[in-house]
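Enquirer: My questions all concern the structure below.
The values are calculated or read from the model by the stated rules, or taken from the named source; none is laboratory data. Predicted, not measured: the structure shown is a model, and the values here were computed from it. Note that we place each Cβ from the backbone using ideal geometry, even for glycine, and neighbour counts take in every protein chain shown. Quick note on the areas: whole protein, heavy atoms, side chains included, nothing else; ligands and nucleic acids left out. Shrake-Rupley method; radii C 1.70, N 1.55, O 1.52, S 1.80 Å.
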Amino acid sequence: SHLAALVLARGGSKGIPLKNIKLLAGVPLIGWVLRAAIDSGVFHSIWVSTDHDEIEKVAKQFGAQVHRRSPEVSQDSSTSLEAITEFLNHHHEVDIVGNIQATSPCLHPSDLVKVADLIQKEGFDSVFSVVRRHQFRWSEVKKGENKMTEPQNLNPAKRYRRQDWPGELYENGSFYFAKRHLIEKGYLQGGKMAYYEMRAEHSVDIDIDIDWPIAEQRVLSFGYFGKEPLKEVKLLVCSIDGCLTNGRIYVTEDHKEMVSYDYRDIVGIDLLKKRGIQVRLISDRDCSKTLSAMQLGCVAKVNVTNKLQVLKDWQEDMGLSWKEVAYLGNEESDVECLKQAGMSGVPADACAAAQKAAGYICKSRGGCGAVREFAEHIFLLLEKVNSARKQ
């Protein structure tokens, strides 16, 4: 049977404009679930249903196919079931739909593998995700009613300790899998049903975690970053023009060149060095005089025609694996380096090809704090590596 992953991502959002592709920890929100779906290996096809050109562009960058949904199922009042039904009407090859919510960025491939087994091997018609919560519920008393509240799931005289109470299962909205015949009858949950309990730390819902920085911290701690385990970064290679500087070159009347840089980026380089991370610089052009004036104390290679070869030489000389190398670039000449490095980033104003190849897109522009921001991102992932070691 054909199992298709389907992420619903319309362009309209009352809360956060284009929320589905807003950067979360340097990755478009929808990218986190698409990465998990692709790496799970259980889907015959992976789709994003959208009505927006920018969302379509991002979806394709992350390897998904795109179904352009009609205006009729793209309204604020449109339901998920209506959008899924429309998708099935256009894709008769699909037997089972795994509707994955774009707002669940801590989804892991291992969860999707287990759910696929439940519906394909154990014969369930629908499977949905839940999370266990230890919350005491009380009845609501509306304003003006002369009533007392009543306990719903506890005896106040014998309150459970958390460790003595198994808690209750709540839908967390991460995914809903259902067979075609069920959806065609107007149900996402029905027939022979099963729930799949997700770990609490993986149950992150952006619709609830409206404080974006808090959600980013959760994702950095518990999100899925790819098949290969993270390793401690030992080397950062940074492109000079457009990353360390803003890419502009000012020429004086006596033909001298001047560039500008942000002092925050210099602090970021110093912080990396203090953490034992080597920082090396690279440029397509001869900017040796500029580097000398900046007095960064970094190994640098200028007038480079093949950045990837220089990167490989440095990696081999230092005896590093690619997972221990980070790269910050912004131009097409940086694309192959971005693809090769274990950790890659680009400034907010990097070219489209570089953004597509990068794992992290900075909020800052080149020469305006992007190096410092990428350094902070490296530090956060190092904390994740150290935490994994302790566990």
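Enquirer: If packing is taken as the average number of other Cβ atoms within 10 Å across a peptide's residues, how do 113-126, 48-61, 326-339, 65-78 rank, most packed first?
Expert: The most tightly packed comes first, giving 326-339, 48-61, 113-126, 65-78.
Enquirer: Separate question: Can you compute the helix-only [θ] at 222 nm over the chain? Use -39500 (n - 2.57) per DSSP H run of at least 4 residues, normalise by all residues, nearest 500 deg cm²/dmol.
Expert: -9500 deg cm²/dmol
Enquirer: In the stretch 157-283, if every C-alpha pair distance is counted and binned at 10 Å from zero, what percent goes to each bin?
Expert: 9, 18, 22, 19, 13, 13, 4, 2, 0
Enquirer: Between residue 90 and residue 351, what length in nm is gained on full extension when 0.36 nm per residue of separation is reduced by their alpha carbon distance?
Expert: Net length gain for the segment: 90.5 nm.
Enquirer: May I ask you to evaluate 6.51 cos²θ - 1.76 cosθ + 1.60, the Karplus curve with θ = phi - 60°, for each residue of the stretch 256-268 and list the ³J(HN,Hα) values in order in whole Hz, giving x for glycine and proline?
Expert: With coefficients 6.51, -1.76 and 1.60, one gets 9, 8, 9, 10, 10, 9, 9, 4, 4, 5, 5, 4, x Hz.
Enquirer: If I ignore ligands, DNA and RNA and count only protein heavy atoms, how much of residue 201 is accessible to a 1.4 Å probe, in Å² to the nearest 10?
Expert: The value for residue 201 is about 50 Å².
Enquirer: Points 7 angstrom from Cα along the Cβ direction at residue 254 and residue 207: gap in nanometres?
Expert: 6.6
Enquirer: Also, I was wondering about something else. Taking every DSSP beta bridge with both residues inside the chain, roughly what % is antiparallel (nearest 5)? Write down the numbers at each step before the final one.
Expert: Details: 18 of 55 bridges.
In the chain, approximately 35 percent of DSSP beta bridges are antiparallel ones.
Enquirer: Sticking with this one: Compare the peptides 278-288, 160-170, 350-360 by average per-residue count of other Cβ atoms within 10 angstrom and give them in order, highest first.
Expert: Going from most to least packed, we get 350-360, 278-288, 160-170.
Enquirer: Take the Cα pairs of the stretch 76-155, get the Kirkwood Rh, then feed it into Stokes-Einstein at 25 °C and 0.890 mPa s and tell me D in µm²/s.
Expert: D = 144 µm²/s.
Enquirer: Take every DSSP beta bridge whose two residues both sit in the stretch 235-389, then give the antiparallel share in percent to the nearest 5.
Expert: 15
Enquirer: Say each of residue 118 and residue 317 gets a label point 7 Å from the Cα, pointing the same way as Cα to Cβ; how far apart are those two points in nm?
Expert: 5.4
Enquirer: Measuring from centroid to centroid over Cα atoms, what is the spacing of the stretch 73-112 and the stretch 277-338 in Å?
Expert: 43
Enquirer: Also, quick follow-up: For the stretch 235-389, which semi-axes, largest first and in whole Å, follow from the square roots of 5 times the eigenvalues of its Cα gyration tensor?
Expert: Details: eigenvalues 117, 53, 48 Å².
The equivalent ellipsoid of the stretch 235-389 has semi-axes of 24, 16, 16 Å.
Enquirer: Still on this structure: How large, in Å, is the chain by the Kirkwood hydrodynamic radius built from its alpha-carbon pairs?
Expert: 23.5
Enquirer: How far, in nm, would the chain grow between residue 163 and residue 285 when pulled straight, counting 0.36 nm per residue and subtracting the alpha carbon separation?
Expert: In short, 37.6 nm is gained.
Enquirer: Could you work out what % of the accessible surface of the chain is carbon and sulfur, using a 1.4 angstrom probe and leaving DNA, RNA and ligands out of the count? Intermediate values should be presented prior to the final figure.
Expert: On the way: 9380 of 19740 Å².
On the chain, the fraction of accessible area on carbon and sulfur atoms equals 48 percent.
Enquirer: So what's the angle, to the nearest 10 degrees on a 0 to 90 scale, between helix 212-222 and the longest Cα principal axis of the chain?
Expert: Value to nearest ten degrees: 90.
Enquirer: Here's a follow-up. Do you know the relative contact order of the chain, to the nearest whole percent, from alpha carbon pairs under 8 angstrom that are 6+ apart?
Expert: It comes to 15 percent, rounded to a whole number.
Enquirer: While we're looking at this one, here's another question. What distance in nm separates the simple spin-label points at residue 153 and residue 274, each placed 7 Å from Cα in the Cβ direction?
Expert: Simple spin-label model gives 4.7 nm for this pair.
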